[in-house]
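Comments concern the structure below.
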Amino acid sequence: MSSCIERPRTTCSLGGALSTISALPGVIPISHTTSGCAGNLSGTTAFNSGYCGSNYCSGQSVPVSNFNESNVVFGGAGRLREELISTFELIDGKLYIVLTGCMSEIIADDVQGVVSEFQNEGKPLIYVNTPSFEGDAFEGYELVLDKIINDQLPVSSRKDKSIINVFGIVPQFDPFFRGDLGEIKRILERLGLRVNTLFTNDQTYKNLTDVPKAGLNILLSPVYGVDLLKKFEKRHGTPFITEDLPVGAIQTEAFIRHVAKALDIDSATVNRVIKEEKRDYYAYLERAADLISDSEFKYYADVVGNATGTLSYARFLRDELGFVVENSVITDFLPKKKEKILKGYLEGKDIPGNLSFETDTYQVTKLLKNAMGQPNGDFYIDLHTPRFVFGSTFEKDYAVKNALPYLAISYPVYDRTILSKGYAGFRGGLQLMEDILCVLVAGR
Amino acid sequence: MKNYDQNEPLVRDIRLSAADSFYGKGCDLLKCAEGGCLCNKNRSFWQANSCQLSLSLMMASTIENAAIIIHSPVGCGVNMSTLYSNVTGGRNKRGLGQNNLVWLSTNMQKVDIINGGEKKLRELIRYTDREYRPELIFVVAACAPSIIGDDVDDIVNSEKENIAADLAAIHCPGFKSRVVASAYDSFYHALIRHLKFEPEPYIDYNPDNYANPYNGDQTALYRYNKARTVNLFNATSMNPDDENEIVRLLQALDLNVQIYTEYSSRDKLRFISEASLNISMCDVHDDYILKYLEEKYGIPYVIQGMPLGKKAIREWLLKIAGFFGKEKDAEKICDYEEKRLDEALKPFLKTIRGKRVIMGGGVVRIAEEARMLKELGMDIITIRPYHYDNEAGGVYSEVAEEFPDTPVAVSTQVFELINQLKKYKPDIVVEHAGKHGWISKCGIPSVNLFSQARPFFGYAGEYAFIKNLAFHLQNNSYAKNLSKNVRLPYHKNWYEKDPYSYIKD
Ligand code: SF4
C-alpha cells in the first residue's frame, strides 16, 4: 500500500550514510540533525547487523549539530559552524563529511555555505545531502560514495589493470559485509589482483583515494551502485561488470571465470586457483556427507532478503545442498528507477522458486505459509515440510511458531552475532553450510 | 487541567525547565537550577544521543495487542527491532503470552513532505486496523510531520469512528526537546487524551448489583478493597524482578498492588482509577500522569525518589505507609530487611570499599545508586546525570548534602566520559547501556546502572547490585587488552584539557 512499510528492513538515507562512513577508514561523519537521529540510527544498525557494533567515531561518538526547535525556526547554520570548529579541534580524521536529515532539508539550511567556509581554509570537509524522505539506507551508501568518488577524488591519469574496486555491498545492511568482502578480496588476490574493498579491516584511507586508479570495478549487486559506477566510468574511465554475489563453490567458480575474462587473466592461473580452492572445499564436504546424507538433511526452503544476496543464497541451497527452494522474496523498498534496473537485470536470469517483491513482514509470512500449506483435517496431506526458513530475524517468529529450522541471513539480524564471518566465496559457502548444519544438530 | 486538554503536551524544557549541560560540584547543581542559570547552559560540541521519540516508542511497545504507526520518513523508529526483542523478553519474564506487536512506518516521501502526509496516515490507520486487528493503535508523530504541520490529532480524532481499534496519538518530535525524558509526558498525555481510565458498566462490572439495596456487602467489600489498593508505576528501566521485589514489600504492608502502565492492556488501563494511592518509583517519570489522576479522581500520589539502596527504600516505604497509618509496620519491615541484608553484604564489602567509581545515567537512579554505594564505603568521584529537571530537585538536595564537593556533570556525552576515564582512571564505572563498549575501550571495568538481568530495587536489588559490582572488580583482562589495541578518535591534546571544557553558558 503506497510507500508505507510494515517493519521496515531499511532506514532513511542518513542511516545508510552513517553505516557506510563508519566502515570507511579515516572518514568522520557530522550529522546535521538532532542528536537523536544519529544516535538512534547508528545504534540500531549496529544492533541489527549481527551486533556489528560501533567503532572509531561511529555510534554515540558521531558529532551532531543537535538541531533543536530554535534551529528549525531560525536556521541551524550557526550551530553547524560551531560544531565543525569543535570537531576539527577534537577529532582526528582524514576526511570529514556533513550529512543532513529531514529537519535541515525541510528548512533548506545553508549547509553548502558553512562547508565552503571551512574548505576555503583548506579543511578536508565535504557535505552530502541525505534527506530522510528521499531514498533509503541503500541510497545513503551510494550518495556518500558518489560524492567522494565522483565529485571529490581527482581523475587519475595512470590506470593500473591489476587494481580492482569492489562495490555493491552495503555496510551493516549487508550484515556479512566484512566477511564477504574479505573473501572476495582473498580470491581476487589469488588471481594476482590488488583489491580496494574500502570496508574490510585491512583498508586504509589510501585505498579510498586509490580508487580512481583501478582498471575495473566489480559490482556485486544488481541495483545498489549501478548509478554510482556509471558515473564513475564517465568521470574516471574505469568500466564495471555486474556480478551476482558468489556463494559457494559453483557460483564462485563462475565468478572467477567472468572476472578473469574481463581482465584477460591467463587461464593456467585461473584453472590452478579454481582447482586448489575446490579441492579444499570438497574435502570438507566429503566428510560432512555422512551427516548430511544419513540425516536426510533435505528441505523445502524459503529465502527472504535483499536484492543483493537473496538469489545467490537460494541458488546455493538448490544447487549445492539439493534443497527445494519455493520462495525467493526480495524485501527492498525500491524507488521506481531502481525497481526498473532490478527487473531488467533479472530478466531471463535463473531464479529458484517463486520470486516475490514484498516489503512487509506480515505479507512475507503469508507467502511462506501458503507455500508450506496448512493441515486441513485430511488424513493424507502434502504439507511442504521439512522446511527451512532463511530470512531476517523478523522471520524468526514465523519459524518458531511453526517449529521450522531457521537461520538469519539478511538484515535485520539480532538473534546471532556476526564478526568475521561471511557467506560469499568458497570459504563463505562452507561457513553457510556449517551454520545450516549447526542449526540442524543443535538439538542433539 | 489546561495542559491535559491540549493536543500536544508541553515539552519538559518549557513545563519544568530542563537541562542537558552542566558541570560543577554536588552542592552547585540545585542552586544553578533554582537560580535559572542551568537552562542557559549548552555545549559547543555535541555527540549523538537519543530522542524523545525513541523513548516514547519504548513505552508504547510494551502495551498489549498494540500496533504502532510511526508517521515519519522511514528512519525514525528504527529502534523498534531492539524494543520488540526487549518486550518479548519482558513478556516472557512476566509470564505473558506471545508478543503481538506490529509497527509500521508511513515512510514519508518527498511528495508527502511537499503536499502533507495526512492522507497517507489516514489510509495507513485504516489498513492497520483491517489487516492486523490490534486492540489499540498508537500513531507516533515524529519531526517531519510536525515541521510541515500535519494535523495528526485531527486525523486521530476523526479516524476513531472509522476503525475497530482504539486510537491514540503520541506527539514526540525529537527536535522539540533537549531531554529524552519529555517522552514520559508524551506517552502519558496520549493515554490521558485518548484512552479510558474508568471501568465500564456491563463490561467491567454489573451496575445492577451495586444499585441493589440488599447487596450492601458487595459495596462494602468493593470500598474496602479499593481503600487498600495502590497503583505502582513502572518503566522499561524497571524489570520484572524489580516489580516483584517492590510488590513483596508493599504486600508486607497488606496492600494490594496493581502495576501500570507498561505491559498493560487497554482493558487493564480502565482500572487505573480504582486505587487509593498512586506510587511512582522515579521522580522524573510519572508526575505528569499522577497529577492528572489526582486532579481528575482525587487519588493522592507518592513521588519519593527511587526505592534503591537502604536509605532511599526506607524513605520511600515510610512515605507510602504514612497514607495508611502503617509507619510502624514499615519501620519494622525495614529494620528486619536491613539487618539480614547487611549480613549478606558483608563478604563483598572488603572488595568494594574504597574503590573509586564514576557513575552516569538517569538523573534520579544515578543519584540514588551513588548514595547507596557511598554508604557502603565506595569513593564516588563523579556523578553524571543524563539530564536534569525540577522534578529531580528532591533527590539532588540529598546529593547536595551528601556529596557537596563531588563533581557533578549533566552529560550523555562520550567524549567527556572518555576524557574523565583517562584522567581519573576509576576502578569501575556504573553506566547506562550504550556506553560500556567505550568504557571497555578505555580499559576500565563497568556495570549497568540497570538491566533486565537482575533486580535493582529493594533489598534484593541492593544485594544483586553489590554482588555484581564485586564480581566485575575481578579480572579486568578483557577491557585492559582491548584498550591496548583500539584507537579512539580524539586528538591527544583533548586529554590534556578539562573534560567539560566544551560546556558554555
Ligand atoms: S527525525 Fe526527529 S523523531 Fe525522527 S529520529 Fe530524528 S529526532 Fe527522532
Amide proton proximity set for A:THR385, modelled H, under 5 Å, gap of 5+: none
Ordering A:LYS123, A:LYS206 by the accessible surface of their heavy atoms, 1.4 Å probe, largest first, yields A:LYS206, A:LYS123
Which order, highest average first, do A:227-235, B:43-51 follow once you tally other Cβ atoms within 10 Å for each residue and take the mean per peptide? B:43-51, A:227-235
Quick one: if you stick a label point 7 Å off each Cα along the C-beta vector at B:GLU338 and B:ILE381, how many nm between them? 3.1 nm
Hey, in the GNM for chain A with a 10 angstrom Cα cutoff, which one of A:LEU355, A:LEU432, A:LEU311 fluctuates hardest? A:LEU355
Rank these residues by their accessible area, most exposed first, probe 1.4 Å: B:GLU402, B:GLU315. B:GLU315, B:GLU402
What does the charge add up to near B:ARG356, with Lys and Arg as +1, Asp and Glu as -1, over the other residues with Cβ less than 10 Å from its Cβ? 0
Phi to ³J(HN,Hα) by Karplus 6.51 cos²θ - 1.76 cosθ + 1.60 over segment A:121-129, Hz, x for Gly, Pro: 7, x, 7, x, 10, 9, 9, 10, 6
If each of B:LYS504 and B:LYS31 carries a label point 7 Å out from its Cα toward its Cβ, how far apart are those two points in nm? 2.5 nm
Förster-model FRET efficiency, 35 Å R0, A:GLU347 and A:VAL73, C-beta, rounded to 0.05: 0.10
How large, in percent, is the carbon and sulfur part of the accessible surface of segment B:146-279 at a probe radius of 1.4 Å? 45 percent
Length added when fully stretched, A:ASN370-A:ASP294, from 0.36 nm per residue minus Cα-Cα: 24.4 nm
Tell me, what is the 1.4 Å probe accessible area of A:ARG315, in Å² to the nearest 10? 20 Å²
Span from the segment B:197-232 Cα centroid across to the segment B:448-505 one, whole angstrom: 51 Å
By a straight-distance test (C-alpha under 30 Å), which lysines pair with A:LYS278 as possible cross-link partners, with residues fewer than eight away in the same chain excluded? A:LYS161, A:LYS185, A:LYS261, A:LYS298, A:LYS349, A:LYS421
For segment A:13-152, just say rounded, prolate or oblate: build the C-alpha gyration tensor, square-root its eigenvalues into a ≥ b ≥ c, call rounded for a/c under 1.5, and beyond that prolate if a/b exceeds b/c, oblate if not. rounded
If each of A:LEU285 and B:ASN3 carries a label point 7 Å out from its Cα toward its Cβ, how far apart are those two points in nm? 6.8 nm
For segment B:343-504, compute the orientation-averaged projected area of the C-alpha convex hull (one quarter of its surface), in nm². 10.1 nm²
proj_area_mean for the protein assembly as shown (convex hull on C-alpha atoms), units nm², value 42.4 nm²
Which angle between 0 and 90 degrees, to the nearest 10, do you get for helix A:111-120 versus the longest principal axis of chain A when only C-alpha atoms count? 70 degrees
With 18 Å as the limit, write out which pairs from B:LYS422/B:LYS497; B:LYS350/B:LYS467; A:LYS206/B:LYS484; A:LYS230/A:LYS340; A:LYS147/B:LYS110 have Cα-Cα distances beyond it, or answer none. A:LYS206/B:LYS484; A:LYS147/B:LYS110
How much FRET efficiency would the formula 1/(1 + (r/R0)^6) give for B:ASN40 and B:ALA252, where r is the Cβ-Cβ distance and R0 is 41 Å, rounded to 0.05? 0.30
Pull up the cross-link candidates among the aspartates and glutamates for B:LYS480, meaning alpha carbon to alpha carbon under 17 Å and not fewer than 8 places away within one chain. B:ASP427
Counting Lys and Arg as +1 and Asp and Glu as -1 over every other residue whose Cβ sits under 14 Å from the Cβ of B:ASP242, the net charge comes to -2
Net charge near B:LYS435: determine it from the other residues with C-beta under 12 Å of the C-beta of B:LYS435, scoring Lys and Arg +1 and Asp and Glu -1. 0
With unit charges on the beta carbons (Lys and Arg positive, Asp and Glu negative) and the dipole taken about the Cα centre of chain A, which residue among A:ILE250, A:SER410, A:PHE316 sits farthest to the positive side? A:ILE250
Give me the compactness ratio for segment A:160-263, meaning the Cα radius of gyration over 2.2 N^0.38 Å. 0.98
Partner chain Cβ atoms within 10 Å, averaged over the residues of A:37-49 - can you pull that number for me? 6
HN-Hα J couplings of segment A:5-17 from phi, Karplus 6.51/-1.76/1.60, θ = phi - 60°, integer Hz, Gly and Pro as x? 10, 8, 6, x, 10, 8, 10, 6, 5, 4, x, x, 5
Cα-based Rg and Dmax for chain A, where Dmax is the largest Cα-Cα distance (Å): 22.7, 80
Over the protein assembly as shown: helical MRE at 222 nm, DSSP H runs n ≥ 4 each giving -39500 (n - 2.57), nearest 500: -14000 deg cm²/dmol
How big is the gap, in Å, between the Cα center of segment A:206-260 and the Cα center of segment B:319-354? 67 Å
Using modelled amide H (1.01 Å from N, peptide plane; none on Pro or chain starts), what sits under 5 Å from the amide H of A:VAL413, excluding residues fewer than 5 places away? A:SER49, A:GLY50, A:THR393
Violating pairs (Cα-Cα greater than 28 angstrom) within the set B:LYS176/B:LYS425; A:LYS123/A:LYS338; B:LYS425/B:LYS492; B:LYS268/B:LYS291: B:LYS176/B:LYS425; A:LYS123/A:LYS338
For B:102-113, what's the mean count of beta carbons from other chains sitting within 10 Å of each residue's beta carbon? 6
Descending packing, highest mean Cβ count within 10 Å first, for B:278-289, B:418-429 is B:278-289, B:418-429
Using Cα positions and a limit of under 18 Å, work out the lysines in reach of B:LYS31, with same-chain residues fewer than 8 apart set aside. B:LYS41, B:LYS504
With all protein chains in place and a 1.4 Å probe, B:ASP150 shows an accessible area in Å² (nearest 10) of 20 Å²
Using a 1.4 Å probe on heavy atoms of the protein chains only, the accessible area for B:ARG356 in Å², nearest 10, reads 70 Å²
Rounded to whole Å², per residue accessible area for the protein assembly as shown with a 1.4 Å probe reads 37 Å²
Of all C-alpha pairs within segment B:213-303, those more than 19 angstrom apart amount in percent to 42 percent
Ranked from highest to lowest mean number of other Cβ atoms within 10 Å per residue, what is the order of the peptides B:392-398, A:326-332, A:378-384, B:184-190? B:184-190, A:326-332, B:392-398, A:378-384
Among A:ILE91, A:TYR56, A:ALA77, whose Cα projects farthest towards the positive end of the dipole of segment A:1-109, with charges put on the beta-carbon of Lys, Arg (+1) and Asp, Glu (-1)? A:TYR56
For A:52-59, mean number of other protein chain Cβ atoms within 10 Å: 4
Just to be sure I understand: if you take the accessible area of chain A alone plus chain B alone and subtract the pair, with a 1.4 Å probe, what total do you get in Å², rounded to 100? 5300 Å²
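The values are calculated or read from the model by the stated rules, or taken from the named source; none is laboratory data. Only a predicted model underlies this, so the values are computations on that prediction, with no experimental measurement involved. Every residue, glycine among them, receives a Cβ derived from its backbone with ideal geometry; neighbour counts consider all protein chains shown. Heavy atoms of the whole protein, side chains included, go into the accessibility calculation; ligands, DNA and RNA do not. Shrake-Rupley method; radii C 1.70, N 1.55, O 1.52, S 1.80 Å.
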